[in-house]
Structure formats: C-alpha cells, structure tokens
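Presented below is the structure to which this report refers.
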Amino acid sequence: MRIIKVDNYNVLSKRAADIIAAQVLLKPSCVLGLATGATPEGTYQELVRRNQEEGLSFSEVKTVNLDEYKGLSRDSNQSYYYYMNQHLFSHVDISKENTHLPDGLAENAQVECEAYEQLMNRLGGIDLQLLGIGRNGHIGFNEPDESFTNTTHTVALTQSTIDANAKYFESEDKMPHFAFTMGIGSIMRARKILLLANGDTKAQILKEALTGPVTPKVPASILQLHPDVTIVADIQALALFDK
Ligand code: F6R
C-alpha cells in the first residue's frame with residue numbers, strides 16, 4: 001500500500017488525476033471503476049481540463065460506477081448517473097455507451113445486480129478502481145456488516161450514510177434508503193485501487209481502516225489485503241497517523 005500525503009484538496013485532485021491519466025495512457029481501452037460523492041469532484045474537474053487542454057483522450061475508455069440509489073431515475077439530479085454526466089462524461093470524449101451504472105429504476109433488483117456483475121466480467125474486469133471512504137468505513141455502499149459481501153447487491157443504507165448524504169436532497173425522507181452497490185469482492189477484484197480521502201471527518205476512519213484489524217465492521221479495512229492500493233489523502237485525513 002502506498003500512501004501519498006498532500007497539503008490540500010487541490011493537490012489531492014491533481015495527484016489522483018495523474019494516476020488515472022497514467023492508467024489511460026498505459027491502456028487506452030482500460031476499464032475505470034468510478035466513484036461519486038464530494039471527494040472525487042476535483043479529480044473529475046482536473047481530468048476534464050486535461051482532456052480539453054492537454055489531449056488526454058477517453059475515447060476508448062470504459063467505465064463502471066460503484067453504485068446507484070435505488071428508486072432514482074437517471075434524470076433525477078441526485079442520481080449518480082446524473083452526477084457522472086455532470087462532472088465528467090458530458091465534458092470529455094468518452095462514448096456514452098461505454099459508461100455504465102446500475103439502473104436505479106430496474107424492475108427486478110436481483111436481475112439488475114447479476115447483469116451488472118456479468119457486465120464487469122464481459123469487460124474483462126476493472127483496471128483501476130477509484131474509491132472514496134464513508135465516515136463509517138464504507139466503500140461503494142458496502143456498509144459495516146457481519147461478513148464481506150462479494151458481488152453487486154442491494155443494500156439498506158445506514159443512518160451514518162443517510163446523515164452524511166441527506167444534505168444533497170430537499171429533505172431526509174426524499175433520500176432513497178436503499179442502493180445498488182458493487183460488492184466488496186467486485187471492488188477487490190480490480191487490478192489497482194486508488195482511494196481518496198480529505199478532511200478531518202475522515203481521519204478516525206482512515207486510521208482504523210488502514211491500521212486496524214481487517215473486519216467487515218470496517219469494510220475499507222479489507223484494502224490492507226489488496227496487492228496494489230494507492231491512498232491519496234490530505235494532512236487532515238492523515239492527522240491521526242503520526243499519533
Ligand atoms: C460513492 C461511494 C461512497 C463515497 C463515500 C464518501 O460512489 O461509493 O462510498 O465514496 O460515501 O463520500 P464523500 O466523498 O462525499 O465523502
């Protein structure tokens with residue numbers, strides 16, 4: 001595991017974009033696993049800039065996102081489909097048919113989850129998976145649990161996640177309480193993992209996840225066993241590492 005400590009969010013976004021750009025240069029037809037949330041917004045902004053100003057091309061890239069809220073349509077402005085188009089896909093030369101997220105309105109959740117897992121297999125697996133970390137240690141929407149999940153599944157969001165994300169919705173009851181998420185197994189099968197964390201709200205959980213026991217109670221702790229993980233985190237998120 002490599003830990004890259006940076007001074008601030010701006011540098012974090014640039015370092016993360018460097019790693020994603022390197023993956024795209026290494027294999028222009030790579031499969032990128034992507035995340036949403038506040039953390040990667042700056043990274044996407046930097047990738048858009050490199051696409052528009054420096055010719056970094058996504059024309060052959062394929063993407064699979066970690067998760068999607070269950071019950072939100074793709075044109076809902078809180079869906080992760082909407083987020084990805086808003087922050088990345090609409091601004092770069094990626095083919096929309098090469099971008100994939102679970103369908104929040106899928107009629108049959110189990111069929112949707114199995115199809116998503118098969119899609120990842122058909123694409124040949126994920127070359128680089130981008131992750132944020134929830135305050136409770138979730139990755140994707142894999143919440144603290146009794147065992148590590150394997151494949152894409154439906155999940156009930158915990159109160160910690162609802163508290164963290166309700167601000168994006170008009171009110172808490174407008175926020176879906178269920179989501180589709182890649183499993184911990186789906187994430188761990190990625191060839192490389194890039195986890196980003198910034199701010200003091202992530203300090204405690206980052207320390208637990210990276211130095212504590214490997215346990216499904218802290219889902220991100222499983223990353224200690226992955227052979228190729230890079231963490232890019234700012235001073236605030238790494239504050240407890242020196243103590
Ligand atoms: C998003 C995702 C989540 C977030 C996590 C952190 O697709 O899967 O695991 O990465 O909730 O969210 P932020 O970045 O908003 O702190």
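The values are calculated or read from the model by the stated rules, or taken from the named source; none is laboratory data. Bear in mind the structure is a predicted one, so any value in this text is a computation, not a measurement. We place every Cβ from the backbone using ideal geometry, glycine too, and count neighbours over all the protein chains shown. To get the accessible areas, we keep the full protein, side chains included, count just its heavy atoms, and leave off ligands, DNA and RNA. Shrake-Rupley method; radii C 1.70, N 1.55, O 1.52, S 1.80 Å.
Cβ neighbours within 10 Å, averaged per peptide: list 67-76, 162-171, 18-27 in order, most packed at the top.
Numbers: 67-76: 18.3, 162-171: 13.7, 18-27: 15.9.
Going by the mean number of other Cβ atoms within 10 Å, highest first, we get 67-76, 18-27, 162-171.
What is the dipole size for region 128-243, taken about its Cα centre, with +1 at each Lys and Arg Cβ and -1 at each Asp and Glu Cβ, in debye to the nearest 20? It would help to have the intermediate numbers written out before the result.
Working: 10 positive and 12 negative charges, 74 e Å.
Approximately 360 debye in magnitude.
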Original post:
Mind checking the dipole of the chain: about its Cα centre, +1 per Lys or Arg Cβ, -1 per Asp or Glu Cβ, Debye to the nearest 20?
Top reply: 680 debye
Original post:
Any idea what the relative contact order of the chain is, in percent, if you count C-alpha pairs under 8 Å spaced at least 6 apart?
Top reply: 25 percent
Original post:
Along the positive direction of the dipole of the chain (beta-carbon charges: Lys, Arg +1; Asp, Glu -1; about the Cα centre), which of Thr151, His177, Thr211 reaches farthest?
Top reply: Thr211
Original post:
Ignoring ligands, DNA and RNA, what percent of the 1.4 Å accessible area of region 117-210 is carbon and sulfur?
Top reply: 49 percent
Original post:
Which percent of the accessible heavy-atom area of region 1-107 goes to carbon and sulfur, probe 1.4 angstrom?
Top reply: 46 percent
Subject >> Backbone N under 19 Å from the Ala22 label point (7 Å along Cα→Cβ), restricted to region 174-216 >> reply: 190-197
**OP:** Would you mind getting me the FRET efficiency between Lys217 and Met1? Use the beta-carbon distance for r and R0 = 30 Å, nearest 0.05.
**Re:** 0.90
**OP:** Calculate for the chain the 222 nm mean residue ellipticity that helices alone would give, adding -39,500 (n - 2.57) per DSSP H run of length 4 or more and normalising by residue count, nearest 500 deg cm²/dmol.
**Re:** -9500 deg cm²/dmol
Original post:
So which of Lys70/Lys207; Lys14/Lys202; Lys167/Lys202; Lys70/Lys167; Lys27/Lys192 end up more than 21 Å apart by C-alpha?
Top reply: Lys70/Lys207
Subject >> Residues in region 1-45 that a label on Glu53 would reach, taking backbone N under 13 Å of a point 7 Å out along Cα→Cβ >> reply: 14, 45
Subject >> Length gained when the stretch Glu97-Asn8 is fully extended (0.36 nm per residue, less Cα-Cα span) >> reply: 28.6 nm
Subject >> Per residue accessible area in Å² of region 92-181, where ligands, DNA and RNA are left out and the probe is 1.4 Å >> reply: 48 Å²
**OP:** Quick one: which residues, 5 or more positions from Lys192 or on another chain, have an amide H under 5 Å from its amide H? H modelled 1.01 Å from N in the peptide plane, none for Pro or chain starts.
**Re:** Leu128, Gln129
